[in-house]
2 protein chains.
Amino acid sequence: MVRAGAPDDPTVSTPTERLSRQLAFLTECDRLKGVRRTTYLHDGSRPENSAEHSWHLALMALLGGLPPGTDRSRVTALLLVHDLVEIHAGDTHFDATPEALARQADQEAQAARTLFGRLPADQAASLRGLWEEFEAQRTPDARYARALDALQPMLLTWGPGGRGCTDRHPELTAERLLALKRPRLEAYPDLWALAQQVVTDAVRAGLLPTAPVTAGMKLRLSP
Amino acid sequence: MVRAGAPDDPTVSTPTERLSRQLAFLTECDRLKGVRRTTYLHDGSRPENSAEHSWHLALMALLGGLPPGTDRSRVTALLLVHDLVEIHAGDTHFDATPEALARQADQEAQAARTLFGRLPADQAASLRGLWEEFEAQRTPDARYARALDALQPMLLTWGPGGRGCTDRHPELTAERLLALKRPRLEAYPDLWALAQQVVTDAVRAGLLPTAPVTAGMKLRLSP
């Protein structure tokens, strides 16, 4: 049962109330600009935040041909909202344990109720639906959006002029990276070819080891 | 005449060349995350950058009813690319002189040639077309996108919980702010009503003066 004044109250319908709720939602969303990702900007100067990351993904969706059965405006909408729940739940590491991922999923479901509940009921349902679609990964739009989300950090870190991340993630090898990305990218031959090319170039440039870098290795390299 | 290898060379058509050009463009676009705006985040912690600003605008375009004659996916696309040329040309102050604005327009036209020229010719034309449409302000989509662009900094600065900007812009009064925003917002009754409400609330909360704040005023208030 919905109580009057509850966040998902469907009786909120006057224009003023709608605007006031949208305003509360939009100012709260500003906090996504303060959620730090593990990926650094291309110039290595600082960690990327989830708001600018979402913009970069939506820009990628504007470029080039989308796979058959996908719709550009829906892919874009999915990308714009896919990280919003991190405002309350934070970001996860690319290599998180299954337990950490399960905990994160619980926190994100709670965060979705709080955040989208700020909106008038119809808009809450619409935006929450986009977030759930991205999470469920059952539609072609959601899978393609997730593929762009998997590719973008690779472009920042190892794309032309990139600096790698061996200092922050010495355990990350070319093989491990491709194994992590393959399930997201393999269905899209262009994206998967690009990912493999980026990794090949990064290994050649010495930005990505093919075996883990350890303090021991450095010692062995000393004369 | 287009020389082979020039940035707008239409002969670039192999999949590998296309991907390589898109990659160069996308990594260059990362620099928009380093372009500082005059607006601060809602929590006042730092200036907003143009990439996260573009995301916030695209999120606003997802919400609520768009005016008749506008298309949500086109408005979103305009918002995603509208600030890209700032990578090379920088942002302008909300209150810049006509001379500064003319200089900025020249720099942005040059920046557009450089930046969009990184892409394969068909995509360069498409993204450059979006940027030109936004700048020209002749279509309903471009005008509505520009209205959101005018409203968003108001929400960050004076929306519920906002901190105002009297410390940074003591010359800015409620009257001046509304005079600056009116040409962009007046055609959209909901947005204009919201802007006026935000200003009224900010004046009441002491976050926006109705007359310029000067050192003299502070002296006069002393006993």
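The values are calculated or read from the model by the stated rules, or taken from the named source; none is laboratory data. Quick caveat, the model's predicted, so the values are computed rather than measured. Every residue, glycine among them, receives a Cβ derived from its backbone with ideal geometry; neighbour counts consider all protein chains shown.
Scan region B:157-186 for residues that are over 21 Å from B:Val81 (Cα atoms) and hydrophobic (A, V, I, L, M, F, W, C) and jot them down.
B:Trp158, B:Cys165, B:Leu172, B:Ala174, B:Leu177, B:Leu178, B:Ala179, B:Leu180
Inspect all residues belonging to region A:45-54 and state whether any of them is of a type in the set (Ser, Thr, Tyr) and at pLDDT below 95.
no
Which members of region B:184-223 meet the condition of being outside any helix (DSSP H, G or I), over 25 Å from B:Pro140 (Cα atoms), of a type outside the set (A, V, I, L, M, F, W, C) and modelled with pLDDT of 60 or more?
Once the filter is applied, which keeps residues that are outside any helix (DSSP H, G or I), over 25 Å from B:Pro140 (Cα atoms), of a type outside the set (A, V, I, L, M, F, W, C) and modelled with pLDDT of 60 or more, region B:184-223 yields B:Gly206, B:Pro209, B:Thr210, B:Pro212.
Yes or no: region A:138-152 includes at least one residue that is crowded, with 18+ Cβ neighbours inside 10 Å, touching a Leu at 6+ places or on another chain (Cβ under 6 Å) and aromatic (Phe, Trp, Tyr).
For region A:138-152, residues crowded, with 18+ Cβ neighbours inside 10 Å, touching a Leu at 6+ places or on another chain (Cβ under 6 Å) and aromatic (Phe, Trp, Tyr): absent.
For region A:77-102, what are the residues that are touching a helix residue (DSSP H, G or I) at 6+ places or on another chain (Cβ under 8 Å), assigned to a helix (DSSP H, G or I) and away from chain B (no Cβ under 14 Å)?
A:His88, A:Ala89
What about B:Arg146, is it modelled with pLDDT of 95 or more and not in a helix (DSSP H, G or I)?
For B:Arg146, the condition - modelled with pLDDT of 95 or more and not in a helix (DSSP H, G or I) - is not met.
Does region A:112-124 hold any residues that are hydrophobic (A, V, I, L, M, F, W, C) and outside any helix (DSSP H, G or I), and which are they?
A:Leu119
Listed here are the residues, each with its yes/no results for (1) under 15 Å from the mean Cα position of the chain (by Cα); (2) within 14 Å of chain B (Cβ to nearest Cβ); (3) assigned to a loop (DSSP other than H, G, I, E, B); (4) in contact (Cβ under 8 Å) with a residue 12 or more places away in the chain.
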| residue | (1), (2), (3), (4) |
| --- | --- |
| A:Lys33 | yes, yes, no, yes |
| A:His42 | no, yes, yes, yes |
| A:Glu52 | yes, yes, no, yes |
| A:Met60 | yes, yes, no, yes |
| A:Leu66 | no, yes, yes, yes |
| A:Val75 | yes, yes, no, yes |
| A:Gln104 | yes, no, no, yes |
| A:Gln110 | no, no, no, yes |
| A:Ser126 | no, yes, no, no |
